[in-house]
Amino acid sequence: MPIYEVTQKEFRRIEEKGFSISGLKERSDIQRLLRTQIDVIGEDLYVLTEEFSEWDESKRRIDLLAIDANANLVVIEIKRTTDGGHMELQAIRYAAMVSAMTFERAVQIHAIFLANIGQDSTKAESRLLEFLDWSEPNEDAFAADTRIILVSADFGKELTTSVLWLIDHGIDIQCVRIKPYRDQDRTLVDVQQIIPLPEANDYQIQLREKGSEGRKQRAERYDIRKKFWEGVVACAKEKGGRHANIKPGSYNWIGAGSGIRGLGLNLAVGQLSCQAELYIDRGEREENKSIFDQLIAHRAQIETGFPFPIEWERLDHRRACRIKSVIADGGYRSSDANWPALQQALVDRSAALEKALRPFLDTLQI
């Protein structure tokens, strides 16, 4: 990023206010300089407005609101403190507040901004279209994301730690340090992007894209599983099964009570298989192992009364235990056409497992 030279007119104005060279750290001065030369912190930025505060029930103001060449909104927060304060928290609030802005609304606020700085407000839309290289407004493509740029004389460890964490979690946020100094008769401002480092920008973009794709895949997986469980619950209602009144969720399992605390009749589903199980966890490892040992002592009788394979998992490396029966030929990634039969099989498998275990559950020494 460049070394920005402050004009003599700017310098005289600052001196008249009684500021030292460090007075350029004042938010109002830096904000005004950036408003007219925003390219010093980003070549792809165009200022929509400053001191934006037009939302309900809030008096907070965005120092500068811009857009980038990809039509993303850019919240620019400026602080005069030497460590940046808690500006990342403010900027996150602002980003959330403006995230739903439309192109039409952006034109309106930009027209007001142009009028306030003595320029032709009727050109607001044409100037935005020209910057975005659009022939006409495109609401679907406008404000698909919101970026954050933090500008300060310096940034403390707490703030930079927070920013790096936000970047790791897919938030597009940058820290730009602005430091003024004198070079003989010139006043210069050193502008440096410190997070992410410029040479790491491409890498960070790749990580965000990878993270975004991962979140998309997880959301898809959750939606599919919820739909699968809805069918299982519907089937359980028809058959009067234990899971008839369970609210379908998006996780890989749902559970129902067995009538004994800590012994759950669970159903679990994977991509290619699913299972019915008795999950034993009353909170104490030794008690769980004792219950498992009492049941497995009747293994021959239980398996005789259950027409499917059973896996006995004492799980000595864990607190809980599990007795399960796996359906290996179908999961939530199976064809939708196969789901009804699979869901019915899962409900039937759970009922059969409980029936085989019930005589011995009722005689447990607990």
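Considering segment 293-334 at the alpha-carbon level, its Rg and Dmax are found to be 12.8, 37 Å. For segment 264-322, the Kirkwood hydrodynamic radius comes to 12.5 Å, computed from all pairs of different C-alpha atoms. Just to be sure I understand the model, the point goes 7 Å from the Cα along the line to the Cβ. What's the resulting residue 70 to residue 358 distance in nm? Placing both labels 7 Å beyond Cα along the Cβ direction yields 5.9 nm. Averaging 1/r over each pair of different alpha-carbon atoms in segment 34-171 and inverting the result gives 15.6 Å, the Kirkwood hydrodynamic radius. Placing unit charges on each Cβ (+1 for Lys and Arg, -1 for Asp and Glu) gives segment 300-360 a dipole about its Cα centre, and among 306, 331, 357 the Cα reaching farthest toward its positive end belongs to 357. Based on the Stokes-Einstein relation at 10 °C and a viscosity of 1.306 mPa s, and on the Kirkwood radius from alpha carbon pairs, segment 227-335 is assigned a translational diffusion coefficient of 107 µm²/s. The loop-placed GluC sites (Glu not before Pro) in segment 215-319, going by DSSP, that have at most 14 neighbouring Cβ atoms within 10 Å of their Cβ come out as 284.
Once you've got the Cα coordinates, tell me which of 79/179; 79/123; 247/355 are over 20 Å apart. From 79/179; 79/123; 247/355, over 20 Å: 79/123; 247/355.
Pairwise alpha-carbon distances in segment 97-149 exceed 14 Å for 56% of all pairs. Charging the Cβ of each Asp and Glu at -1 and of each Lys and Arg at +1, and nothing else, the dipole of segment 232-305 about its Cα centre rounds to 280 debye.
Shown for segment 320-366: the carbon plus sulfur share of the solvent-accessible area, taken with all protein chains present and a 1.4 angstrom probe, equals 49%.
The values are calculated or read from the model by the stated rules, or taken from the named source; none is laboratory data. Fair warning: this is a prediction, and the values are worked out from it, not measured in the lab. Glycine gets a Cβ as well: all are built from the backbone with ideal geometry, and neighbour counts include every protein chain shown. Side chains are part of the model used for accessible areas, which takes the heavy atoms of the whole protein and leaves out ligands, DNA and RNA. Shrake-Rupley method; radii C 1.70, N 1.55, O 1.52, S 1.80 Å.
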